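Down below is the structure, laid out as structure tokens.
The values are calculated or read from the model by the stated rules, or taken from the named source; none is laboratory data. The structure displayed is predicted, hence computed values, not measured ones. Using ideal geometry, Cβ is built from the backbone for each residue, glycine included, and neighbour counts are taken over all protein chains shown. These area figures cover heavy atoms from the full protein model, side chains too; ligands, DNA and RNA do not enter into them. Shrake-Rupley method; radii C 1.70, N 1.55, O 1.52, S 1.80 Å.
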Protein chains: 2
Amino acid sequence: MTDRDPIAEARQQWVSHGWADAADGMALITSITRAQQLLVERVEDVLRPHGLTFARYEILRLLAFSRRRSMPMSRLGSLLQVHATSVTSAVDRLEKQGLAERLRLERDRRVVLASLTTKGAEVVEAATADLNARVFTSPGLDPDQVAAATELLTSLRATHGDTVAQVTAVHAKGDAARLRE
Amino acid sequence: MTDRDPIAEARQQWVSHGWADAADGMALITSITRAQQLLVERVEDVLRPHGLTFARYEILRLLAFSRRRSMPMSRLGSLLQVHATSVTSAVDRLEKQGLAERLRLERDRRVVLASLTTKGAEVVEAATADLNARVFTSPGLDPDQVAAATELLTSLRATHGDTVAQVTAVHAKGDAARLRE
């Protein structure tokens, strides 16, 4: 930690080097990177006692949401927007932990499914309760700000090619709605 | 990629499982993680032809901003808000590339400085020009939205313990100023 804001200082350097038109974009991208780092640290602190990382938690959560508690590995990759190799290594680890297992579809043996075990189902519900209580209900901004920030990030994701839904959060009114226009 | 928004779908699942009070926080944190991933991919695409990652670029940029083009390794870690081991491995690689070198302070031989080489200075200016032109001047939101998003992320960083400066971006007026209140 420092006694000054490194991102604000970098922004000032950008302006004084004659790159004012790029200064705000640099500050935004650096701020997103730093916020992500702080939040993932908090999430991982909560998940560690459950034996999980954020990546492995997300896989268990998706499996628990699915009706059959299993899903093709390729589908996990596309929902989590990560590479197949990341899904493979996370499921390897979950399998060793006894939280998930691999199944092969009989009618098309090319399809490998990841499937939640009973123990996996217990662990993911306990981890979710903990994350909700300790991080997600108080992410560090007021509800209106949470909605406004999510809307802005959703626009940003759309610009970069993500399919996004119209944001209809309970709090997404007022400022957020005006910002969208 | 999918034809639906995985984050909006997860938010909906949260609500229908009775976790409505945690749904917006979950969506915010997941959105920040996804936005960071998209933006860092774009930054790294631009930096790759320069032989740099974002982490190594940030070190070269800080060294180039410093008056003596060198800085204690520990200072780099605190400005970049990363662990000492990350700085060590990045500087190792920069040294192998001939872009930085380690110096030891004569009057206090415990202090190791990272120092920019002439080649490092050339590379970082070329990389900055490219990043400014191809990413930072068009980060994917309108200028007002960039300012508003940065302010919200700055508040978020402050809540999580970062020292932050009052945001005084050129565009940080209107919506952004009101959101801060």
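Springs between alpha-carbon atoms under 10 Å, Gaussian network over chain A: tell me which of A:Glu151, A:Glu125, A:Glu95 tops the mean-square fluctuations.
Maximum among the listed residues: A:Glu151.
One decimal, nm, shortest first: give the distances between the label point of A:Thr163 and those of the same position in the other copies, each label point 7 Å from Cα along Cα→Cβ.
4.6
At 25 °C and a viscosity of 0.890 mPa s, what translational diffusion coefficient does Stokes-Einstein give for the range A:103-155, taking Rh as the Kirkwood radius over Cα pairs? Give it in µm²/s as a whole number.
169 µm²/s
Taking the Cα centre of each part, how many Å lie between the range B:40-55 and the range A:1-58?
17 Å
Tell me the relative contact order for the range B:1-129 as a rounded percent, counting alpha carbon contacts under 8 Å between residues six or more apart.
Answer for the range B:1-129 is 20 percent.
Could you identify which residue out of B:Ala22, B:Ala114, B:Ala147 has the top mean-square fluctuation in a GNM of chain B using Cα springs shorter than 10 Å?
Taking springs between Cα atoms under 10 Å, the residue moving most is B:Ala22.
Could you work out the mean count of beta carbons from other protein chains within 10 Å of each residue's beta carbon in A:37-47?
Partner Cβ neighbours, averaged per residue: 3.
I'd like the mean, over residues of A:4-15, of how many other protein chain beta carbons sit within 10 Å of each residue's own Cβ.
Shielding by partners across A:4-15 averages 6.
Just reorder B:Asp142, A:Asp3 by solvent-accessible area, largest first, 1.4 Å probe, all chains present.
Result, largest first: A:Asp3, B:Asp142.
Considering only B:Leu52, B:Leu152, B:Leu94, give the residue with the highest GNM mean-square fluctuation for chain B, with springs between Cα atoms whenever their separation is below 10 Å.
For chain B, modelled as a Gaussian network with Cα springs under 10 Å, the answer is B:Leu152.
How big is D, in µm² s⁻¹, for the range A:74-170 by Stokes-Einstein at 10 °C and 1.306 mPa s if Rh is the Kirkwood radius over C-alpha pairs? If you can, show how the numbers build up before the last one.
Numbers: Rh = 16.4 Å.
Estimated diffusion coefficient is 97 µm²/s.
List the distances, in nm and shortest first, from the label point of B:Ala129 to the matching label points in every other copy, placing each point 7 Å from Cα along the Cα-to-Cβ direction.
The projected label point of B:Ala129 is separated from its counterparts by 6.0 nm.
Between A:Arg134 and B:Asp45, how high is the FRET efficiency from 1/(1 + (r/R0)^6) when r is the Cβ-Cβ distance and R₀ = 41 Å? Nearest 0.05.
0.70
Largest first and in whole Å, what are the equivalent-ellipsoid semi-axes of the range A:1-50 based on the Cα gyration tensor, each being the root of 5 times an eigenvalue?
In descending order, the three semi-axes are 30, 12, 4 Å.
How are the Cα pair distances of chain A distributed, in percent, across 5 Å bins from 0?
Going out from 0 Å in 5 Å bins, chain A shows 1, 7, 12, 13, 16, 15, 13, 10, 6, 4, 2, 1, 0 percent.
For helix B:84-96, report the angle its Cα long axis makes with the longest principal axis of the Cα atoms of chain B; keep it between 0 and 90° and round to the nearest 10°.
Around 50 degrees separate the two axes.
Run the label-point distances for A:Arg68 please: 7 Å along Cα to Cβ, every other copy, nanometres, shortest first.
Here A:Arg68 shows inter-copy label distances of 6.6 nm.
Which whole number gives the average, over all residues in A:129-137, of C-beta atoms from other chains lying within 10 Å of the residue C-beta? Don't jump to the answer; show the numbers that get you there.
On the way: counts 2, 0, 5, 8, 2, 1, 4, 12, 8.
Mean inter-chain Cβ contacts per residue within 10 Å come to 5.
More than 32 Å apart: what percent of Cα pairs in the protein assembly as shown qualify?
38 percent
Near A:Lys119, which aspartates and glutamates are there with a Cα under 19 Å away, not counting those fewer than 8 places off in the same chain?
Once the sequence-local aspartates and glutamates are set aside, what remains near A:Lys119 is A:Glu58, A:Asp92, A:Glu95, A:Glu101, A:Asp130.
Going by alpha carbons, how many degrees (0 to 90, nearest 10) lie between the helix axis of A:54-65 and the longest principal axis of chain A?
Once rounded, the angle reads 60 degrees.
Tilt of helix B:118-131 relative to the longest C-alpha principal axis of chain B, in degrees (0 to 90, nearest 10)?
Tilt of helix B:118-131: around 20 degrees.
For the rotation that superimposes chain B on chain A, which residue of B has the C-beta lying nearest to the axis, and at what distance in Å?
Axis relating chain B to chain A; nearest Cβ residue and distance: B:Gln36, 2.
Could you order A:Arg48, A:Arg61 by accessible surface area, starting with the largest, using a probe radius of 1.4 Å?
Values: A:Arg48 145, A:Arg61 10 Å².
Ranked from most to least accessible, the order is A:Arg48, A:Arg61.
Only Lys, Arg, Asp and Glu count, each charged at its Cβ (+1, +1, -1, -1), so figure out the dipole size of the protein assembly as shown about its Cα centre, rounded to 20 debye.
It works out to roughly 1140 debye.
Which residues in the range A:47-82 place their backbone N less than 17 Å from a point set 7 Å from the Cα of A:Leu105 along the Cα-to-Cβ direction?
Flagged as within label range: A:63, A:66-79.
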